[in-house]
Amino acid sequence: MMDKQNAPKSIMKRNGGAQTSKNLHFAGVNSGFETTPNEDLDSKSHENVDISDLQQQPEGQLYPGEMVEKPAEHGGSNHGDQKEGDPSQEMMEGANSMDQTTQYVHPDSHTDSGENLKAGQKQAKMDTNKEEPMEAEPDPNRDSKHELKDRDTVDGEFIAACNFLKDHMDNMDNPNDEMRRALVVLFRDWFRVAAEEDSLANTVSVYLREVRKATPSLLPFLVNMADDNGNTVLHYSVSHANYPIVSLLLDTGVCEVDLQNKAGYTTVMLASLTAPDGSGDMEVVRRLMELGDVNARASQGGQTALMLAVRHGRGLMVRLLLRCGADPNVQDRQGATALMCACERGHTHVARLLLERAECDTSLTDQRGRTALFVAQQGSYGDITALIQAHHTHAGTSL
């Protein structure tokens, strides 16, 4: 079982190298925000956070980067090696898009939105350059003052964009140029403030409070705004295990927790792979799972949050998912159940949790006709084999 002290706080990793900067343009409410390459940016590159490109980690830790473009063949390899079981490459690209929107765009560059984005781009450049002179005059209290200011105030351009957009909600599907500029500002600032790995709950709280006070009709749109890969701030916050921000988003009462990104993953699925820090974070996860559909299936492989948690030996998450109504008998597209995943990975403690549920059906077979017992025996996992046999005996069924 994974040592909690060594568990990663976030299921994302930072990509150490400089990334190719991109321009942001609004592609429509349903399409989200997209980026186009631009190599003329004179702002410094940010470290980009990848949702799915994970470091190599020991058994029982998180593997959301196991996704490959070609689905693994369900043959000699086991279900546990199916690469389509984790958050996909599309989510990684979405993370890059999100991070790059925090950079200003060179005023001479052109995007698909044309000249109409320049106002927001120039303002972003001005905001970036404003920080430079501050370093010329050392002030021992500058950092604390700056942090306090950031936490207690909301960018004026952001509020102006909110005030403008609240009067044009009916036209969001077909925005004009002025709306596009406002939407770019809204997206850029919201994801910069709320979706980064080091985002602060205090700052997010201030932004949510101001939007609720000034433009309450815009709050649902803001909270559920997605990038071009369908990832919302909730997706990113869960993936970073930034549960104080997740709690704030749930508190709004307008957060659509079952939204799937373009890879088909929900926030409940992502939460099943994280390592919450303490009882407070676990309580937020419980709220999320109670609000969401714990039996939703990923579009690519058909896995549920329970299957993902089982595959990675996340005992606490498995227990919580079961308590929140997760069905242990759901089968993915290749017929695998959560119990089969535990058998293939040799996760005895997780198999025990599943078999404690009277409704756990050990007679189910995958597309190759294999039962969980067969998979356990094939892997020479004697403890799991004994547990399944005991379950059969207790249930009064034959093997």
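Each value in this text was obtained by applying a stated rule to the coordinates, not by laboratory testing. Computed from a predicted structure; not experimentally measured. Reconstructed Cβ throughout: ideal geometry from the backbone, glycine too, with neighbour counts over all protein chains shown.
For segment 234-355, the fraction of C-alpha pairs farther apart than 26 angstrom is 15 percent.
You can think of it this way: the chain between Ala358 and Glu210 has 48.4 nm of extra reach, that is 0.36 nm per residue less the Cα-Cα gap. The distance between label points at Ala386 and Met172 comes to 5.7 nm (points 7 Å beyond Cα on the Cα→Cβ vector). Shape summary of segment 293-386, radius of gyration then Dmax from alpha carbon positions: 11.9, 35 Å.
Taking the Cα atoms of segment 157-279, the ratio Rg/Rh between the radius of gyration and the Kirkwood radius comes to 0.97. Available extension along the chain between Asn163 and Thr393 is 76.2 nm, counting 0.36 nm per residue and deducting the alpha carbon span.
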